[in-house]
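See below for the structure under consideration.
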Amino acid sequence: MNKLIPLLLIFVWFFTSRHWWYHALLVPIAMYVYQVIEIFNDDLEFIDTSKQIFYLLPVMAIVVPSIYLIRVRIFDKLNDADKTMQDLEDEFKIKPKGILGKLKDYF
């Protein structure tokens, strides 16, 4: 339960968030999913070890640059136009979509 409750709450936050940075929540989601899978592995003597970061690196390699690129787009538009930060956040809010719709946003 120590891993499942935070995972559930982060999932709810991820799917209900309307901010441009909500993809940053994928990193802790991946970490908790990996830890839950590790709990069910009976061969392990220790559950939370330092090697978990190596499994999170591919997720972080996709999420962190994409968030940075969104941030750069926001500040480029802020410097080019007379919009407030709230107007720009409203412009970059992503409407709720299915999994396929979210994948199409990346490609």
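None of the figures in this text is laboratory data; all of them are computed from the coordinates on show. Because the structure is a prediction, the values reported are computed rather than measured. Positions of Cβ are backbone-derived with ideal geometry, glycine not excepted, and every protein chain shown enters the neighbour counts.
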query = What is the gain in length, in nm to one decimal, between Trp21 and Leu69 on full extension, counting 0.36 nm per residue of separation less the C-alpha to C-alpha distance?
reply = 16.2 nm
inquiry  = What does the net charge come to around Pro65 if you take all other residues with beta carbon closer than 14 Å to its beta carbon, with K and R at +1 and D and E at -1?
reply    = +2
query = For segment 54-70, what does the Karplus curve 6.51 cos²θ - 1.76 cosθ + 1.60, with θ = phi - 60°, yield as ³J(HN,Hα) per residue in whole Hz, taken in order and with x for Gly and Pro?
reply = 5, 7, 8, 4, x, 5, 5, 5, 8, 6, 4, x, 5, 5, 5, 5, 5
inquiry  = Run the numbers for Asn41 and Leu8: contour at 0.36 nm per residue of separation, minus the present Cα-Cα distance, in nm.
reply    = 9.8 nm
